[in-house]
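The values are calculated or read from the model by the stated rules, or taken from the named source; none is laboratory data. Just so you know, these numbers come straight off a predicted model, no measurement behind them. Reconstructed Cβ throughout: ideal geometry from the backbone, glycine too, with neighbour counts over all protein chains shown. Ligands, DNA and RNA are excluded from the accessible area calculation, which covers all protein heavy atoms including side chains. Shrake-Rupley method; radii C 1.70, N 1.55, O 1.52, S 1.80 Å.
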Amino acid sequence: MKNLFILLFSAIVSTSFAADDKHFLTDASYRAKIHKQFESRKKEAAGRQEALFSVFQKEKLSTEQREALEFLFACMPLNDLADYDGKFFLEQVKIALKARDSFAWGKDIPEDVFRHFVLPCRINNENLDTARIVCFKELKDRVKNLSLHDAILEVNHWSHEKASYRGTDMRTSGPLSLIRTSWGRCGEESTLTATALRAVGIPARQCYTPRWAHTESNHAWVEVWVNGEWHFIGACEPEAVMDVAWFAAPATRAMMVHTVVFGLYEGTEIKNNVTPWFTRINILKHYADTRPVNVQVLDNNNQPVQGATVKFNVFNSGNFSPVSTNTTDKQGKLSIVSGKGDLLIWANKGELFGYKISTPRDENNVIRLNLRPGMPLKDEFILNPPPGRPVKDVVTDKGADNAARSAQDDMIRNAYVQTFITEAAARQLAKDNQIDEEKTWKALNIAQGNWRDIRDFILQQKNNPDLFPFLESLTEKDLRDTPLSYLLDHLQDRKTLKIKAGTPDELVVPFILSPRIENELIRPWRSFLQKNISKSIQSEARVNIGKIVDLIQSKVQIREEENYYECPISPVGVYQLGLSDKRSRNILFVAIARSLGIPARMGFSNPQFYEDGEWKTVSFGANGEIIAVPAKGTLVIDNQSKDNAQPVYNVSLFSDGDFKWRRFGGARGNKDVNADPNRIPLDVGYYRILSGIRGNGGSAYISLQQFEIKENETVTLPFKNPEIVTKIEVKGAFDMETKITTNDGKTVSLKTLSKGKGLALCILDPNKEPSKHILQDFPSVQTEIQNWGGGIVFLVPDDKVSEAFRVSAFPGLPAQSVWATDQKRALLNAITKVLNFEIVDNFPLTLYISDKGEILYDAVGYKIGTGKDILNVIELEKKLGK
């Protein structure tokens, strides 16, 4: 009996030990690679050894936890090594393993899928927070008894309860900041949804089309892993089933769809970029027809060029944008899989460059590096997007239930939004504290769910005369996601801050006190830098700013590729870690200068500081040169556009082998430039002027010129906007005596609304992103539409009406805008009958109807720039006397 007890006890101990000693990385060879990479990272991150790695000694870790944590450290981008600590990442490991063991599907997820698509807490370039822990707690009981399929749909409904789409700037807020705000762009919605899915152990990844080829902007969504296959969902846009979303149709016209896989990845997918830290995989075949694009780069002697940088560009938002970038092999070759549209393929090595327009007929493309800075060049061409393909409708009997559930999601979110401070309360707060009512309400209204922090900041700083100029120096997103303590670190009293003598007063707030430098997350760095930089260096730097350059050069090594999500590292993180990308190093320079009372800002590609009445540039070359105001010349645009139309162009400066956009000219003008958009002072250098106009089918008509600006010289360039041969086609006739009842109760005919000029009619689903883009398009042409004087109607089918939708969220619509509800889709059905097509859910449908009832323009689904399209049709109608 005694022996039996000993055997049982030994078995229990052995089992417990085995469980505790279970490997996270079961393949010994892979485990060895990761451990070697981890040890290398430990040496690199010597500046933060205690903060990052002491967790291995201070915490009792299982073998599984240790290996998972080593995997994260071995592969994470520099900004994570710099700005978070080991305890934070250990908590992420614990919650990921807990999620795996808490749900039935956890046991069925292969090790490599879990490692790359569940464990990593970073989705893209967002600020990391404790969202996974919050999501797990909120979602655990909601999904634990569901199938994996239903759990995915439930998580997306939860995400929709927390956030909906609204456009914003390109800095990506963290998931908890997005929840606090209740709205954000697609990159933020997909980050939240992927985080929530991973929080409950469901493999998820954010997918991107880097830039559309047929319209402007881009889009991000989420893919989820189910039983060995990946399926797509619209983030915060729940549908009744997977693989149904509004973007399915435009994605068939994509030139690239990719996702970044965290870690050393050994999957079999098509790979655009492979590194020890991440792999960017090409998943375009899930969505669109594809073609191989093979490139060989040669020099002037027809010899292959190894290590040339090759960019595969589409035209988007007025410039060339790469959808993939890589380098050539020993034979000068490189291949990708792309969509069936045109590409501008750009190659360079050093300052030598060349380019080629590649069409779907061009499987093999040879590019010669036969161009160099200074050479004049003029070119015109058309870039055609892929034609796309029909998307198969998915039939489900759950559509009505999903719509009702989505409306409930809206109500939950809207109830939260109602907790934000009201205008009356904000004005009373200002009155009680004798501060500016308008500015107080403006700041608190912009802050959305962060209003309490901004309120407390205002109250604590109400006697500081720099309070409101300081708040106005921040972006709207800064007000929505910057904590009180961070703001307090930066708004220092001028009496205690040693502002450099001779600094103009108007530079103090935006270029000394303000923490907003580029588009990085605002963090508290001012007090840290003032405390940790020696007093002697601070004193010397105020006299000779080169001391800041010397300090940075001595402390910081550049590791560009290792910060692969391109998320800026905080100034404190760069200072402590000693590793950085160039961008974050430049931000550190500005932060140090401002901390010492020296006006500083980010210039075009290098930081600048103000001294002796002028802005001077810092160049972190071998010697860290300080450059005075660069020599300048002048570009004069000889506008030869048809009808003397306002020229629309941008000017880019050649740097590091390619042209970098400087956002000059026409509608893309820069307030720092001379008020005359046709006479532009430019630094000495080699430039490209580019103009592109997109046709209704998505093709881009492009003209470009490359030229050199020399000191004190004027270059005059004949210029005209690209011309599109366009004719008005009558697509159908509609009865303008048709009446609608507007949302303010008036019954009125379309004829009356057209005011004898014409009518823009937009039929919307205001809950979905494509329709919200329309509402953001029209403010950009508000003045022109108002001056035209015709009608504009926004019509919502009654089955798409949402109590959560607020027109006030989209300011700047033309004054004559009218809103109405289409009962039982009566007007929509009448229009689609005339046009001979059917619309189920692929809204918006946008029409331009002449005063006579002729339908002269129609656009269905996702499209950027519809407002400008309408204006173009109106102008053409006038010219042709329709």
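When the test is whether a residue is without any contact (Cβ under 8 Å) to a residue 60 or more places away in the chain and either buried (at least 21 other Cβ atoms within 10 Å of the Cβ) or not in a helix (DSSP H, G or I) (or both), residue 711 does not pass it. One residue stands out among those in region 780-807 that are assigned to a helix (DSSP H, G or I) and under 16 Å from residue 165 (Cβ atoms): the one that is least open to solvent (accessible area, probe 1.4 Å), which is 800.
Having 1 or more residues that are surrounded by fewer than 22 Cβ atoms within 10 Å (Cβ to Cβ) is the bar; report the helices (runs of 4 or more DSSP H) wholly within region 174-261 that clear it. Output list reads 175-181, 248-251.
Taken together, the residues in region 484-522 that are in a helix (DSSP H, G or I), in contact (Cβ under 8 Å) with a residue 12 or more places away in the chain and either open to solvent by less than 10 Å² (accessible area, probe 1.4 Å) or over 20 Å from residue 454 (Cα atoms) (or both) amount to 7.
I'd like the residue in region 349-371 that is closer than 28 Å to residue 209 by Cα and assigned to a loop (DSSP other than H, G, I, E, B) and, out of all such residues, is least open to solvent (accessible area, probe 1.4 Å). Let's see the steps before the verdict.
Quick first cut of region 349-371, residues closer than 28 Å to residue 209 by Cα only: 349, 353-367.
Next, only the ones that are assigned to a loop (DSSP other than H, G, I, E, B) stay: 359-363.
Details: 359: 23, 360: 66, 361: 199, 362: 41, 363: 95 Å².
The selected residue is 359.
Scanning region 687-703 for residues that are part of a strand (DSSP E or B) and surrounded by fewer than 19 Cβ atoms within 10 Å (Cβ to Cβ) yields a single hit, 693. If the condition is being under 19 Å from residue 45 (Cβ atoms) and loosely packed, with under 15 Cβ neighbours inside 10 Å, then region 523-558 contributes 532, 554, 557, 558. Residue 328 passes every criterion in (1) open to solvent by less than 80 Å² (accessible area, probe 1.4 Å); (2) within 26 Å of residue 720 (Cβ to Cβ) apart from (2). Mind listing just one residue for me: the one in region 199-250 that is of a type in the set (Val, Ile, Thr) and closer than 26 Å to residue 95 by Cα and, of those, farthest from the chain's Cα centre (by Cα)? Filtering region 199-250 for residues that are of a type in the set (Val, Ile, Thr) and closer than 26 Å to residue 95 by Cα, the one farthest from the chain's Cα centre (by Cα) comes out as 226.
So which of 87, 107 is without any contact (Cβ under 8 Å) to a residue 12 or more places away in the chain, more than 26 Å from the chain's Cα centre (by Cα), over 22 Å from residue 172 (Cβ atoms) and open to solvent by 40 Å² or more (accessible area, probe 1.4 Å)?
Details: 87 fails: without any contact (Cβ under 8 Å) to a residue 12 or more places away in the chain.
Result: 107 is the single residue among 87, 107 that is without any contact (Cβ under 8 Å) to a residue 12 or more places away in the chain, more than 26 Å from the chain's Cα centre (by Cα), over 22 Å from residue 172 (Cβ atoms) and open to solvent by 40 Å² or more (accessible area, probe 1.4 Å).
Of all residues in region 741-761, count the ones that are in a helix (DSSP H, G or I) and open to solvent by less than 10 Å² (accessible area, probe 1.4 Å). Adding up the residues that qualify gives 2. Taking region 372-396 as the range and being open to solvent by 30 Å² or more (accessible area, probe 1.4 Å) and part of a strand (DSSP E or B) as the test, the residues that pass are 377, 378, 379, 380, 382.
May I ask you to say which residue of 821, 846 is at pLDDT 90 or above, touching a Leu at 6+ places or on another chain (Cβ under 9 Å), surrounded by fewer than 21 Cβ atoms within 10 Å (Cβ to Cβ) and assigned to a strand (DSSP E or B)? Walk me through it before giving the result.
Numbers: 846 fails: surrounded by fewer than 21 Cβ atoms within 10 Å (Cβ to Cβ).
Of 821, 846, the one residue that is at pLDDT 90 or above, touching a Leu at 6+ places or on another chain (Cβ under 9 Å), surrounded by fewer than 21 Cβ atoms within 10 Å (Cβ to Cβ) and assigned to a strand (DSSP E or B) is 821.
Could you please let me know if residue 363 is out of contact with any Leu (no Cβ under 9 Å at 6 or more places or on another chain) and over 24 Å from residue 385 (Cα atoms)?
The answer is no for residue 363.
Listed by position, the strands (runs of 3 or more DSSP E) enclosed by region 589-629 that each have at least 2 residues that are open to solvent by less than 10 Å² (accessible area, probe 1.4 Å) are 607-611. The helices (runs of 4 or more DSSP H) found wholly in region 73-159 and carrying at least 3 residues that are among the hydrophobic types (A, V, I, L, M, F, W, C) and under 24 Å from residue 221 (Cβ atoms) occupy 111-117, 131-143. The requirement of being open to solvent by less than 70 Å² (accessible area, probe 1.4 Å) and within 26 Å of residue 185 (Cα to Cα) is satisfied by residue 471.
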